1. Anyone know which of Gly43, Gly112, Gly137 comes out most mobile in the 10 Å Cα GNM of the chain?
2. Of Asn44, Ser123, Phe29, whose Cα points farthest to the positive end of the dipole of the chain (charges on the beta-carbon: +1 Lys, Arg; -1 Asp, Glu; origin at the Cα centre)?
3. Which listed residue (Phe58, Leu76, Ser13) has the Cα farthest towards the positive end of the charge dipole for the chain, taking +1 on Lys and Arg C-beta and -1 on Asp and Glu C-beta about the Cα centre?
4. Quick one: angle between helix 117-127 and the longest Cα principal axis of the chain, in degrees between 0 and 90, rounded to 10, please.
5. With everything on Cα atoms, drop me the angle between helix 141-150 and the longest principal axis of the chain, reported from 0 to 90° to the nearest 10.
6. Using only alpha carbons, build the gyration tensor for the chain and give me the equivalent ellipsoid semi-axes, biggest first, whole Å.
7. If each residue's Cβ is checked for other Cβ atoms within 10 Å, how do Trp118, Trp165 rank with the fewest at the top?
8. For each of Lys53, Lys149, count neighbouring Cβ atoms within 10 Å of the residue's Cβ, then give the residues from fewest to most.
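Values in this text are rule-based calculations from the coordinates and carry no lab data. Quick caveat, the model's predicted, so the values are computed rather than measured. With ideal geometry, Cβ positions are generated from the backbone for all residues, glycine too; neighbour counts draw on all protein chains shown.
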Amino acid sequence: MSDLSHYIIPLKSIVSYNTTYDYELDESFFSAFVAEDGIIRGGNVKASIDVKKLNYSFELSIKLNGFVSVLCDRCLDVMEIQIDEDSVLVVKFGETYTEVDEELVIVPEKEGVFNIAWYLYESLVLILPLQRIHQDGGCNKEMEKNLQKYSTDITVVNEKIDPRWEALKNIK
């Protein structure tokens, strides 16, 4: 796993009430997560994180823009999916690290930092459509031929029903 310390936000040392962090999520970022699940193979996403310091918490407004590379579910070739997403995450201090829900995270007050790398990756994965397929005509032609060759046609053949089962239809 590559070094993700670049994505640590030092919450305790934030002095101003509004601070912005800009990150470029590129091949080096995504390579750190390929061993985890391998859904995203690469990409180039600009992440802008505005940290707003509140009384007892921090509100992180996250903007993600760019593209990610994933495998097509039909032909297994690499394809790009455009990303344009805005989200908000609230971070509070507590005793231990806890993900309360998708919008609230508690980090240990002793550490006072939050590594946002995994949250960014997880957000990108959740943005992806359930079915990742090239647009019509975009799939690998050789793979499409193989799919046609080995796929089965699900048509019901007019089969003769066993007379013992046929007799059961008359029972009412």
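1. Of the options given, Gly137 has the highest mean-square fluctuation.
2. Ser123
3. Of the candidates, Leu76 comes out farthest on the positive side.
4. 30
5. That helix lies at roughly 40 degrees to the long axis.
6. 49, 23, 13
7. Trp165, Trp118
8. Lys149, Lys53
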